[in-house]
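Have a look at the structure below, then the notes.
The values are calculated or read from the model by the stated rules, or taken from the named source; none is laboratory data. Treat the numbers as computed from the prediction; the structure is a model and nothing was measured. All Cβ positions, even for glycine, are placed from backbone atoms using ideal geometry, and neighbour counts span all protein chains on display. Just so you know, the surface numbers come from the protein's heavy atoms only, side chains and all, with ligands and any DNA or RNA stripped out. Shrake-Rupley method; radii C 1.70, N 1.55, O 1.52, S 1.80 Å.
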Amino acid sequence: MSNFKWVMMKVELHNSVCICLLFGISLIFYPAVGSFLDGISHSSKVGRHIMESYYEKHESFIDSLFDDFLTRDLPVNICEVLPSDLNTLLSLSIWSRIKGDGSHRQLSSTIKFKIEKSLFHVPTHHCKFIIIERLPSGVFVDPFELEHLLHRAVFSDVAVFGDTNLELPSVLSNISVVEVHKDIGLNILSHNKNLIDFTVDLPLHSRYPRLDESGYVEVRLKAPDLFLQCSIQEKPHNRTCFFRLETDDEEADLTWSIPAGKRSDAGVVSAITFVSALLSVLCIVFSTQVRQPKVLKQC
């Protein structure tokens, strides 16, 4: 019995020593591990998409919240390698219009970009445009349609955030945001002096609008937000810089007039719909009864 107690005491002493050693080792390596994790969290603060990081913190898109997000969470216009006043070194213009007819149209944005003063001391870098389109509740884009365009290499990347329910009417839907990425080349800030000109076409679809006595509901689309993202090759890790771009001319809002039903016509439409449905049911029942005897005779 005494031998058993002695063995148990030895085991408890061994466990206590192991716990103390583990605790001491964790205290020694805690600062290094903490700084390492902090570096990881800082470098991954912005994920693959800007709006993905925004919607992780906010449920809906609000202009003031988005501006605050850019100031606090996204290091916009802050880069140790590139000048913070990059907007003064380039010329940028955008022209947007709505093409097509009916309920299915295209939001076409033509962007012209030119480096007025090259930066010769910039390391190797690869840049891309990021276009953020804010869509009001009256219109939407089909994510599956955008995925098809992505497979055709129309964009380098594209994603939809916010309200992505395609079946909701406008009165039950919210703002959705489309983020489009477009590659513009390697080392454009240091060697390129030519005009970069490209067009982004987004397929738009109108939702079922609310009733309006005028027969139309106007939907306003604001000018997109433009960003320049440059990945700069450095040792030991690459650096990513974001710049919010300013256009040379102020872009006006676009207006899309969507046909809407009139409340005064609701009674007539309901009556015609009811009569049509009733006649359809009677036709189905009548055709079924006419065909049934022939089936019995064949039997």
(request) Pull up the range 183-200, narrow it to residues that are open to solvent by 50 Å² or more (accessible area, probe 1.4 Å) and farther than 14 Å from Leu90 by Cα, then point me to the one that is nearest to the chain's Cα centre (by Cα). (result) Asp183
(message) Only one of Ile78, Ile98 is assigned to a loop (DSSP other than H, G, I, E, B), under 20 Å from Thr247 (Cα atoms) and aliphatic (A, V, I, L, M). Can you tell me which?
(response) Ile78
(message) Tally up the residues in the range 119-137 that are open to solvent by less than 10 Å² (accessible area, probe 1.4 Å) and touching a helix residue (DSSP H, G or I) at 6+ places or on another chain (Cβ under 6 Å), please.
(response) 1
(message) Being hydroxyl-bearing (Ser, Thr, Tyr) and within 19 Å of Tyr208 (Cβ to Cβ) is true for just one of Ser176, Ser190, Ser156. Which residue is that?
(response) Ser176
(message) Please go through the range 74-89 and give me each residue that is in contact with a Ser or Thr (Cβ under 8 Å, 6 or more places away or on another chain), over 18 Å from Pro123 (Cβ atoms) and open to solvent by 30 Å² or more (accessible area, probe 1.4 Å), ordered by number.
(response) Asn77
(request) Please enumerate the residues belonging to the range 51-73 that are touching a residue at least 40 places away in the same chain (Cβ under 8 Å) and among the polar types (S, T, N, Q). (result) Ser60
